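Notes to accompany the following structure.
The values are calculated or read from the model by the stated rules, or taken from the named source; none is laboratory data. No experiment lies behind these values; they were computed from the predicted model shown. Here the Cβ positions follow ideal geometry from the backbone for every residue, glycine too, while neighbour counts run over all protein chains shown. Heavy atoms of the whole protein, side chains included, go into the accessibility calculation; ligands, DNA and RNA do not. Shrake-Rupley method; radii C 1.70, N 1.55, O 1.52, S 1.80 Å.
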Amino acid sequence: MENRTAIIDADVLVYRCGFAGQDSVHSVIVNGDVLEQFASKAEANDFCELLALQGAISPHIETEIVPKSHSEVETILDVMVHNIVEQSGSTDYICYLSGKTNFRLDAAKYTDYKANRKDSVKPLHYDYIREYIQEKHPVILSDNCEADDLCAMRLFSAFNKYVDNQSSNKLDCDQILCSIDKDLLNVPGWHYNISSREIMWQEPDDADRHFASQLLTGDRVDNIPGISFYSDSKKKVGPSTARKILGDAVTKEELYQAVCDAYEEFAGEDWHDKLNNTGLLLWMMRKPEQHFDIEEWKGGVYD
């Protein structure tokens, strides 16, 4: 393969660059005076404990977030993109950013989608980094979905092209999806983990099993419910329990049956609706406006 395109989940870069583009200064205060400043909160805590042992009155810590300059942030972002392209073995790249609308916000029926992120702190340069990516890098904004969905569509299209060409060389799949989001492992093809720097090939059967496991566990990061939520924690299902529930299931029909059996046992009379809604929130679309249905998934409609 002479050319490979890196499909970059730029939502990840906005946060990674943003937090790298600001410093925390932890000041130890006694009686209104700054005694010492630390870059590490742990070091500041240790200093406070030492002061307390020496009889200092009520030492406390005040933290200030100090942003780096725009030029420094731009350099950090550019280096991140360069490293991803190089380390993923790519010769080209395209960035995807999430737009302002997302169908999942209205589609979630049993919990509010990503409600646990409402109070999360964004990096100070959040807006600037998004603007910079759009001005200086090839980028596509999502509309009524997420950047992840667009990344999934592009990788799946490349994977299908590789399959249609009946190539025996996986390198002929000329796109690689670069992210840290485990949801994207539901898509077969090449994946590059931005954090671990690992490259892996995801087979369709592995992608299906990964998705079936997520149907059981849900996703705490995005506030998507699974068996634990629907059973009021009477049946707690994490990754290891999910593996046991799925057992030796390989085909979609086998995975579907194992997941349905667990939902029917633990999720109440409306278990099928709950399962379908969890799937809708977890599924990374492979075509535009492809809103998930568990029966269609089982039947291979999305393959």
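Looking only at Cα atoms, what is the convex hull volume of the range 204-303 per residue, in Å³?
Details: hull volume 9.3 nm³, N = 100.
Output value, Cα hull per residue: 93 Å³.
Protein heavy-atom surface of the chain, 1.4 angstrom probe: 47% of the accessible area is carbon and sulfur, with nucleic acids and ligands not counted. Solvent-accessible surface of the chain, averaged per residue with a 1.4 angstrom probe and all protein chains in place: 52 square angstrom. Here the chain is scanned for trypsin sites (Lys or Arg not before Pro) in DSSP loops (not H, G, I, E, B) that have at most 10 other Cβ atoms within 10 Å, and the longest stretch holding none of them is 119-233. Between CYS178, CYS260, CYS48, the residue with the greatest mean-square fluctuation in the GNM of the chain (Cα pairs under 10 Å linked by springs) is CYS48.
Annotation note: chymotrypsin sites (Phe, Trp or Tyr not before Pro) in the range 90-141 located in DSSP loop regions with a Cβ neighbour count of at most 12 within 10 Å are absent.
TRP190 contributes about 30 Å² of solvent-accessible surface, heavy atoms of the protein only, 1.4 Å probe. Rg over Rh for the range 18-103 works out to 1.24, using Cα positions for both radii and the Kirkwood form for Rh.
Around the amide H of ASN223, modelled in the peptide plane, lie the amide H atoms of LYS114, all under 5 Å away and 5 or more residues distant in sequence or on another chain. Pairs over the 20 Å Cα-Cα cut-off, from the set LYS109/LYS274; LYS235/LYS274; LYS68/LYS122; LYS244/LYS287; LYS274/LYS298: LYS244/LYS287.
Two decimals is fine: what's Rg over Rh for the range 148-266, C-alpha atoms, Kirkwood radius as Rh? Can you show the working numbers first?
Numbers: Rg = 15.8 Å, Rh = 15.4 Å.
Taking Rg over the Kirkwood Rh, I get 1.02.
Legend: Rg and Dmax of the range 171-220, from Cα coordinates, 11.2, 36 Å. Across the chain, the mean sequence separation of Cα contacts (distance under 8 Å, 6 or more residues apart), normalised by length, yields a relative contact order of 18 percent.
Using only the Cα atoms, work out Rg/Rh for the range 1-41, with Rh taken as the Kirkwood radius, to two decimals.
Details: Rg = 19.7 Å, Rh = 13.9 Å.
Across the range 1-41, the Cα-based Rg/Rh ratio is 1.42.
For GLN175, the residues 5 or more places off, or on other chains, whose built amide H falls under 5 Å of its own are THR5.
The GluC sites (Glu not before Pro) of the range 269-303 that meet both conditions, a loop assignment by DSSP and at most 13 other Cβ atoms within 10 Å of the site Cβ, are GLU269, GLU289.
Charged neighbours of ASP273, selected by a Cβ distance under 14 Å, balance to -3 (K, R count +1; D, E count -1). Among residues other than LEU97 with Cβ under 15 Å from its Cβ, the summed charge is -4 (Lys and Arg +1, Asp and Glu -1). Backbone geometry of the range 24-37 corresponds, through the Karplus equation with coefficients 6.51, -1.76 and 1.60 at θ = phi - 60°, to 3J(HN,Hα) couplings of 9, 10, 9, 9, 8, 10, 9, 6, x, 9, 7, 8, 7, 10 Hz, x marking Gly and Pro. Using heavy atoms of the protein chains and a probe of 1.4 Å, the accessible area assigned to HIS60 is about 80 Å².
State the Kirkwood hydrodynamic radius of the range 34-186 in Å, one decimal place, computed from all pairs of distinct Cα atoms. Spell out each step's value before the answer.
Values: mean 1/r = 0.0502 Å⁻¹.
Final number for the Kirkwood radius of the range 34-186 is 19.9 Å.
Between SER240 and ILE61, full extension at 0.36 nm per residue minus the direct alpha carbon distance yields a gain of 60.4 nm. Which one, TRP297, LEU255, SER88, projects farthest toward the positive side of the charge dipole computed for the chain from Cβ point charges (K/R +1, D/E -1)? Towards the positive end, the residue furthest out is LEU255. Largest GNM mean-square fluctuation across GLN214, GLN134, GLN54, computed for the chain with C-alpha springs under 10 Å, falls on GLN54. Given that just one value was derived from the coordinates, which of (i) 19.4, 61; (ii) 22.3, 69; (iii) 22.9, 76 is Rg and Dmax of the Cα atoms in Å? Matching the structure shown: (iii). Under a 10 Å cutoff between Cα atoms, tell me which one of VAL79, VAL34, VAL139 has the largest fluctuation in the Gaussian network model of the chain. Highest fluctuation among the options: VAL34.
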